[in-house]
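**Student:** Structure provided below as C-alpha coordinates; questions to follow.
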Amino acid sequence: MLNATRTAVLVAALLVWHLASLATSPLILPAPALVAAQLVQSWGLIATNLWITLAEIVLGFVAGSAIGFVTGTVIAHSRRLDGVLRPYIATSQAVPKAALAPLFVLWLGFGLGPKVTIAALISFFPLLENTIVGLRRVDPDALKLFASLGASPWQVFVKLRLPHGLPYILTGLKVGVVFATVGAVIAEFVTANKGLGAVIMQAQGNFDTRLMFAVIIVLTVMGVLLYEVVQQVERRVLRAWNLGEGELDNRHTGT
(Lines give C-alpha, C1' and ligand atoms only; values in the text may rest on other atoms or scores of the structure.)
Protein backbone atom coordinates (compact mmCIF):
# COMPACT_ATOMS: atom_id res chain seq x y z
CA MET A 1 0.00 0.00 0.00
CA LEU A 2 2.83 2.37 0.91
CA ASN A 3 4.70 1.66 -2.34
CA ALA A 4 1.52 2.23 -4.34
CA THR A 5 1.02 5.58 -2.61
CA ARG A 6 4.60 6.63 -3.31
CA THR A 7 4.24 5.66 -6.96
CA ALA A 8 1.01 7.63 -7.23
CA VAL A 9 2.67 10.71 -5.71
CA LEU A 10 5.60 10.42 -8.15
CA VAL A 11 3.26 10.05 -11.14
CA ALA A 12 1.22 13.04 -9.96
CA ALA A 13 4.37 15.15 -9.56
CA LEU A 14 5.54 14.24 -13.07
CA LEU A 15 2.11 15.08 -14.47
CA VAL A 16 2.08 18.48 -12.76
CA TRP A 17 5.61 19.09 -14.04
CA HIS A 18 4.56 18.17 -17.60
CA LEU A 19 1.49 20.41 -17.49
CA ALA A 20 3.54 23.30 -16.09
CA SER A 21 6.12 22.87 -18.86
CA LEU A 22 3.36 23.32 -21.48
CA ALA A 23 2.64 26.77 -20.12
CA THR A 24 6.20 28.09 -20.41
CA SER A 25 9.30 27.98 -22.56
CA PRO A 26 11.49 24.84 -22.51
CA LEU A 27 14.36 27.18 -21.67
CA ILE A 28 12.62 27.94 -18.37
CA LEU A 29 11.02 24.59 -17.57
CA PRO A 30 11.72 21.66 -19.91
CA ALA A 31 9.24 18.77 -19.98
CA PRO A 32 10.12 15.56 -18.10
CA ALA A 33 10.53 13.70 -21.41
CA LEU A 34 13.09 16.25 -22.62
CA VAL A 35 15.02 16.00 -19.36
CA ALA A 36 15.00 12.19 -19.57
CA ALA A 37 16.32 12.35 -23.14
CA GLN A 38 19.05 14.76 -22.04
CA LEU A 39 19.96 12.44 -19.15
CA VAL A 40 20.48 9.56 -21.58
CA GLN A 41 22.36 11.73 -24.07
CA SER A 42 24.71 13.21 -21.45
CA TRP A 43 25.09 10.12 -19.27
CA GLY A 44 28.79 9.75 -20.06
CA LEU A 45 29.54 13.27 -18.82
CA ILE A 46 27.24 12.89 -15.82
CA ALA A 47 28.60 9.47 -14.80
CA THR A 48 32.22 10.65 -14.93
CA ASN A 49 31.49 13.60 -12.65
CA LEU A 50 29.12 11.58 -10.45
CA TRP A 51 32.00 9.46 -9.16
CA ILE A 52 33.98 12.59 -8.33
CA THR A 53 31.10 14.08 -6.35
CA LEU A 54 30.42 10.75 -4.63
CA ALA A 55 34.06 10.52 -3.52
CA GLU A 56 33.88 14.05 -2.09
CA ILE A 57 30.66 13.24 -0.23
CA VAL A 58 31.92 9.97 1.25
CA LEU A 59 35.30 11.36 2.31
CA GLY A 60 33.73 14.49 3.80
CA PHE A 61 31.02 12.49 5.54
CA VAL A 62 33.50 10.03 7.07
CA ALA A 63 35.86 12.80 8.21
CA GLY A 64 33.11 15.03 9.58
CA SER A 65 31.37 12.14 11.33
CA ALA A 66 34.58 10.87 12.93
CA ILE A 67 35.52 14.32 14.22
CA GLY A 68 31.94 14.97 15.36
CA PHE A 69 31.75 11.68 17.25
CA VAL A 70 35.11 12.10 18.99
CA THR A 71 34.46 15.75 19.87
CA GLY A 72 30.92 14.97 21.03
CA THR A 73 32.16 12.12 23.21
CA VAL A 74 34.74 14.36 24.88
CA ILE A 75 32.24 17.16 25.47
CA ALA A 76 29.59 14.74 26.76
CA HIS A 77 31.97 13.72 29.56
CA SER A 78 32.90 17.27 30.60
CA ARG A 79 30.46 20.06 31.47
CA ARG A 80 33.38 22.49 31.64
CA LEU A 81 34.47 21.72 28.09
CA ASP A 82 30.84 21.96 27.04
CA GLY A 83 30.61 25.50 28.39
CA VAL A 84 33.89 26.50 26.74
CA LEU A 85 33.61 24.84 23.32
CA ARG A 86 29.90 24.72 22.45
CA PRO A 87 29.49 28.50 21.88
CA TYR A 88 32.43 28.53 19.47
CA ILE A 89 31.22 25.43 17.67
CA ALA A 90 27.73 26.91 17.32
CA THR A 91 29.23 30.16 16.02
CA SER A 92 31.28 28.26 13.45
CA GLN A 93 28.10 26.65 12.15
CA ALA A 94 26.51 30.07 11.67
CA VAL A 95 29.19 31.02 9.13
CA PRO A 96 27.91 30.41 5.56
CA LYS A 97 29.97 27.55 4.18
CA ALA A 98 29.72 28.90 0.64
CA ALA A 99 31.56 32.01 1.86
CA LEU A 100 34.39 29.83 3.18
CA ALA A 101 34.78 27.83 -0.02
CA PRO A 102 36.95 30.44 -1.84
CA LEU A 103 39.30 30.52 1.16
CA PHE A 104 39.64 26.75 1.15
CA VAL A 105 40.42 26.88 -2.57
CA LEU A 106 43.24 29.35 -1.85
CA TRP A 107 44.56 27.17 0.97
CA LEU A 108 44.00 23.70 -0.48
CA GLY A 109 43.92 24.20 -4.25
CA PHE A 110 41.32 23.04 -6.77
CA GLY A 111 41.44 19.31 -6.00
CA LEU A 112 39.37 17.25 -3.59
CA GLY A 113 40.63 19.18 -0.56
CA PRO A 114 38.24 22.17 -0.40
CA LYS A 115 35.18 20.10 -1.35
CA VAL A 116 35.88 17.38 1.20
CA THR A 117 36.54 20.05 3.83
CA ILE A 118 33.22 21.81 3.20
CA ALA A 119 31.34 18.49 3.24
CA ALA A 120 33.07 17.55 6.50
CA LEU A 121 32.28 20.90 8.14
CA ILE A 122 28.59 20.66 7.29
CA SER A 123 28.19 16.99 8.30
CA PHE A 124 30.18 17.47 11.52
CA PHE A 125 27.56 19.34 13.55
CA PRO A 126 24.59 16.91 13.44
CA LEU A 127 26.72 14.04 14.74
CA LEU A 128 28.35 16.24 17.37
CA GLU A 129 25.00 17.32 18.82
CA ASN A 130 23.41 13.88 18.64
CA THR A 131 26.45 12.27 20.25
CA ILE A 132 26.37 14.70 23.16
CA VAL A 133 22.63 14.26 23.70
CA GLY A 134 22.73 10.49 23.32
CA LEU A 135 25.67 9.87 25.64
CA ARG A 136 24.22 12.13 28.33
CA ARG A 137 20.69 10.73 28.38
CA VAL A 138 21.61 7.93 30.73
CA ASP A 139 19.60 6.91 33.79
CA PRO A 140 21.44 8.35 36.85
CA ASP A 141 20.54 5.21 38.80
CA ALA A 142 22.32 3.11 36.17
CA LEU A 143 25.41 5.30 36.53
CA LYS A 144 25.32 4.84 40.30
CA LEU A 145 24.99 1.08 39.87
CA PHE A 146 28.02 0.94 37.58
CA ALA A 147 29.98 3.09 40.05
CA SER A 148 29.04 0.80 42.94
CA LEU A 149 30.31 -2.18 40.93
CA GLY A 150 33.65 -0.44 40.43
CA ALA A 151 33.29 -0.05 36.68
CA SER A 152 36.02 1.95 34.94
CA PRO A 153 35.14 5.01 32.80
CA TRP A 154 35.81 2.90 29.69
CA GLN A 155 33.44 0.17 30.88
CA VAL A 156 30.76 2.77 31.65
CA PHE A 157 31.18 4.18 28.15
CA VAL A 158 31.13 0.87 26.29
CA LYS A 159 28.51 -0.94 28.38
CA LEU A 160 26.16 1.92 29.27
CA ARG A 161 26.61 5.26 27.53
CA LEU A 162 27.35 4.01 24.01
CA PRO A 163 24.46 1.50 23.80
CA HIS A 164 22.08 4.14 25.12
CA GLY A 165 23.40 6.85 22.79
CA LEU A 166 23.67 4.68 19.69
CA PRO A 167 20.19 5.47 18.29
CA TYR A 168 20.91 9.20 18.56
CA ILE A 169 24.35 8.81 16.99
CA LEU A 170 22.96 6.81 14.06
CA THR A 171 20.25 9.42 13.51
CA GLY A 172 23.00 12.03 13.38
CA LEU A 173 24.73 9.97 10.70
CA LYS A 174 21.58 9.97 8.55
CA VAL A 175 21.33 13.74 8.78
CA GLY A 176 25.06 14.11 8.24
CA VAL A 177 25.17 12.19 4.97
CA VAL A 178 22.48 14.47 3.52
CA PHE A 179 24.38 17.55 4.69
CA ALA A 180 27.61 16.16 3.22
CA THR A 181 25.90 15.90 -0.17
CA VAL A 182 24.81 19.53 0.05
CA GLY A 183 28.27 20.63 1.18
CA ALA A 184 30.12 18.89 -1.65
CA VAL A 185 27.84 20.40 -4.29
CA ILE A 186 28.12 23.89 -2.76
CA ALA A 187 31.90 23.62 -2.93
CA GLU A 188 31.69 22.49 -6.56
CA PHE A 189 29.59 25.54 -7.39
CA VAL A 190 32.45 27.73 -6.19
CA THR A 191 35.41 25.80 -7.59
CA ALA A 192 33.49 24.84 -10.77
CA ASN A 193 36.06 22.51 -12.33
CA LYS A 194 34.91 18.93 -11.68
CA GLY A 195 31.89 17.17 -10.20
CA LEU A 196 28.14 17.40 -10.72
CA GLY A 197 27.99 20.88 -9.21
CA ALA A 198 30.50 22.04 -11.82
CA VAL A 199 28.39 20.44 -14.57
CA ILE A 200 25.37 22.43 -13.33
CA MET A 201 27.37 25.68 -13.41
CA GLN A 202 28.64 24.94 -16.92
CA ALA A 203 25.10 24.12 -18.07
CA GLN A 204 23.88 27.38 -16.56
CA GLY A 205 26.50 29.29 -18.52
CA ASN A 206 25.30 27.58 -21.71
CA PHE A 207 21.60 28.13 -20.85
CA ASP A 208 21.19 24.35 -21.01
CA THR A 209 18.23 23.97 -18.66
CA ARG A 210 17.61 20.35 -19.62
CA LEU A 211 21.11 19.33 -18.53
CA MET A 212 20.71 21.28 -15.29
CA PHE A 213 17.49 19.43 -14.47
CA ALA A 214 19.05 16.08 -15.41
CA VAL A 215 21.99 16.62 -13.04
CA ILE A 216 19.70 17.84 -10.26
CA ILE A 217 17.65 14.64 -10.58
CA VAL A 218 20.82 12.52 -10.42
CA LEU A 219 21.98 14.41 -7.32
CA THR A 220 18.59 13.90 -5.70
CA VAL A 221 18.59 10.18 -6.39
CA MET A 222 22.16 9.87 -5.13
CA GLY A 223 21.29 11.71 -1.91
CA VAL A 224 18.27 9.48 -1.30
CA LEU A 225 20.32 6.33 -1.94
CA LEU A 226 23.07 7.45 0.45
CA TYR A 227 20.43 8.14 3.09
CA GLU A 228 18.94 4.68 2.55
CA VAL A 229 22.37 3.06 2.86
CA VAL A 230 22.97 4.73 6.22
CA GLN A 231 19.44 3.83 7.31
CA GLN A 232 20.07 0.17 6.49
CA VAL A 233 23.31 0.32 8.49
CA GLU A 234 21.35 1.87 11.35
CA ARG A 235 18.83 -0.97 11.37
CA ARG A 236 21.53 -3.65 11.28
CA VAL A 237 23.52 -2.03 14.08
CA LEU A 238 20.46 -1.55 16.28
CA ARG A 239 19.48 -5.15 15.66
CA ALA A 240 22.99 -6.33 16.54
CA TRP A 241 22.86 -4.34 19.79
CA ASN A 242 19.32 -5.57 20.49
CA LEU A 243 17.92 -2.06 20.10
CA GLY A 244 14.76 -2.01 18.01
CA GLU A 245 13.28 0.91 16.11
CA GLY A 246 10.53 1.11 18.71
CA GLU A 247 13.13 1.78 21.36
CA LEU A 248 14.68 4.37 19.09
CA ASP A 249 11.33 6.15 18.83
CA ASN A 250 10.82 5.96 22.58
CA ARG A 251 14.20 7.47 23.26
CA HIS A 252 13.56 10.37 20.94
CA THR A 253 10.20 11.08 22.57
CA GLY A 254 11.54 10.54 26.06
CA THR A 255 9.00 7.81 26.90
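The values are calculated or read from the model by the stated rules, or taken from the named source; none is laboratory data. All figures in this text were calculated on a predicted structure; none of them were measured in a lab. Counting neighbours? That spans all protein chains shown, and the Cβs are built from the backbone with ideal geometry, glycine included.
**Student:** If a residue must be on the phi < 0 side of the Ramachandran plot and free of Cβ contacts under 8 Å to residues at least 24 places away in the same chain, how many such residues does the stretch 93-112 contain?
**Tutor:** Going residue by residue through the stretch 93-112, those that are on the phi < 0 side of the Ramachandran plot are 93-108, 110-112.
Checking the rest, the ones that are also free of Cβ contacts under 8 Å to residues at least 24 places away in the same chain come to 94-96, 99-100, 103, 106-108, 111.
So the answer is 10.
**Student:** Inside the stretch 146-177, can you point out the residues that are basic (Lys, Arg) and either part of a loop (DSSP other than H, G, I, E, B) or under 26 Å from the mean Cα position of the chain (by Cα) (or both)?
**Tutor:** Start the filter on the stretch 146-177 by keeping residues that are basic (Lys, Arg), which leaves 159, 161, 174.
Selection gives Arg161, Lys174.
**Student:** Quick one: is Ala101 at pLDDT 90 or above and part of a helix (DSSP H, G or I)? Give the steps one after another, and end with the answer.
**Tutor:** On the way: at pLDDT 90 or above: no; part of a helix (DSSP H, G or I): yes.
It is false that Ala101 is at pLDDT 90 or above and part of a helix (DSSP H, G or I).
**Student:** Which members of the stretch 19-38 meet the condition of being of a type outside the set (A, V, I, L, M) and more than 30 Å from the chain's Cα centre (by Cα)? Steps first, please.
**Tutor:** First pass over the stretch 19-38, keeping only residues of a type outside the set (A, V, I, L, M): 21, 24-26, 30, 32, 38.
Once the filter is applied, which keeps residues that are of a type outside the set (A, V, I, L, M) and more than 30 Å from the chain's Cα centre (by Cα), the stretch 19-38 yields Ser21, Thr24, Ser25, Pro26.
**Student:** Taking Ile57 and the conditions (1) of a type in the set (A, V, I, L, M, F, W, C); (2) in a loop (DSSP other than H, G, I, E, B); (3) under 22 Å from Gly223 (Cβ atoms), which numbered condition does it fall short on, given that it satisfies the others?
**Tutor:** Of the numbered conditions (1) of a type in the set (A, V, I, L, M, F, W, C); (2) in a loop (DSSP other than H, G, I, E, B); (3) under 22 Å from Gly223 (Cβ atoms), the odd one out for Ile57 is (2).
**Student:** Pick from the stretch 192-230 the residues that are among the small types (Gly, Ala, Ser) and either modelled with pLDDT of 95 or more or outside any helix (DSSP H, G or I) (or both): which of them is surrounded by the fewest Cβ atoms within 10 Å (Cβ to Cβ)?
**Tutor:** Applying the first criterion (among the small types (Gly, Ala, Ser)) to the stretch 192-230 yields 192, 195, 197-198, 203, 205, 214, 223.
Filter once more, so that each one left must be either modelled with pLDDT of 95 or more or outside any helix (DSSP H, G or I) (or both): 192, 195, 214.
On the way: Ala192: 17, Gly195: 28, Ala214: 27.
Checking each candidate, the answer is Ala192.
**Student:** So in the stretch 104-119, with the set limited to residues that are in a helix (DSSP H, G or I) and loosely packed, with under 12 Cβ neighbours inside 10 Å, which one is modelled with the lowest pLDDT?
**Tutor:** Step one: filter the stretch 104-119 for residues in a helix (DSSP H, G or I), giving 104-108, 112-119.
Keeping just the survivors that are loosely packed, with under 12 Cβ neighbours inside 10 Å gives 106-107.
On the way: Leu106: 83, Trp107: 87.
Selected residue: Leu106.
**Student:** Only one of these conditions is not met by Gly44: (1) in contact (Cβ under 8 Å) with a residue 40 or more places away in the chain; (2) assigned to a helix (DSSP H, G or I); (3) of a type outside the set (A, V, I, L, M, F, W, C); (4) under 30 Å from Leu14 (Cβ atoms). Which number is it?
**Tutor:** (1)
**Student:** Here is a further query. Residues in the stretch 134-145 that are assigned to a helix (DSSP H, G or I) and surrounded by fewer than 18 Cβ atoms within 10 Å (Cβ to Cβ): how many?
**Tutor:** Residues of the stretch 134-145 that are assigned to a helix (DSSP H, G or I), as a first pass: 134-136, 140-145.
Within this subset, residues satisfying the condition of being surrounded by fewer than 18 Cβ atoms within 10 Å (Cβ to Cβ) are 136, 140-145.
Residues flagged as assigned to a helix (DSSP H, G or I) and surrounded by fewer than 18 Cβ atoms within 10 Å (Cβ to Cβ) within the stretch 134-145 amount to 7.
**Student:** Shifting gears a bit: Here are some conditions: (1) within 19 Å of the chain's Cα centre (by Cα); (2) within 27 Å of Ala214 (Cα to Cα). Gly64 meets all but one. Which one does it not meet?
**Tutor:** The failed condition is (2).
**Student:** Cβ-Cβ distance below 6 Å, separation of 6 or more or different chains: which pairs start in the stretch 12-27 with a residue that is closer than 19 Å to Phe207 by Cα and end on one that is assigned to a helix (DSSP H, G or I)?
**Tutor:** Partner pairs satisfying both residue conditions: Leu27/Thr209.
**Student:** Can I ask one more? If Phe189 passes every condition in (1) closer than 19 Å to Ile57 by Cβ; (2) surrounded by 20 or more Cβ atoms within 10 Å (Cβ to Cβ) but one, which one does it miss?
**Tutor:** (2)
**Student:** Restricting attention to the stretch 239-254, does a residue exist that is in contact with a helix residue (DSSP H, G or I) (Cβ under 6 Å, 6 or more places away or on another chain), in a helix (DSSP H, G or I), closer than 25 Å to Ile67 by Cβ and at pLDDT 90 or above?
**Tutor:** Within the stretch 239-254, not a single residue is in contact with a helix residue (DSSP H, G or I) (Cβ under 6 Å, 6 or more places away or on another chain), in a helix (DSSP H, G or I), closer than 25 Å to Ile67 by Cβ and at pLDDT 90 or above.
**Student:** A follow-up question, please. List the pairs whose first member sits in the stretch 118-129 and is within 11 Å of Val62 (Cβ to Cβ), whose second member is among the charged types (D, E, K, R), and whose Cβ atoms are under 7 Å apart, counting only residues at least 6 apart or on separate chains?
**Tutor:** From the stretch 118-129, the pairs are Ala119/Glu56.
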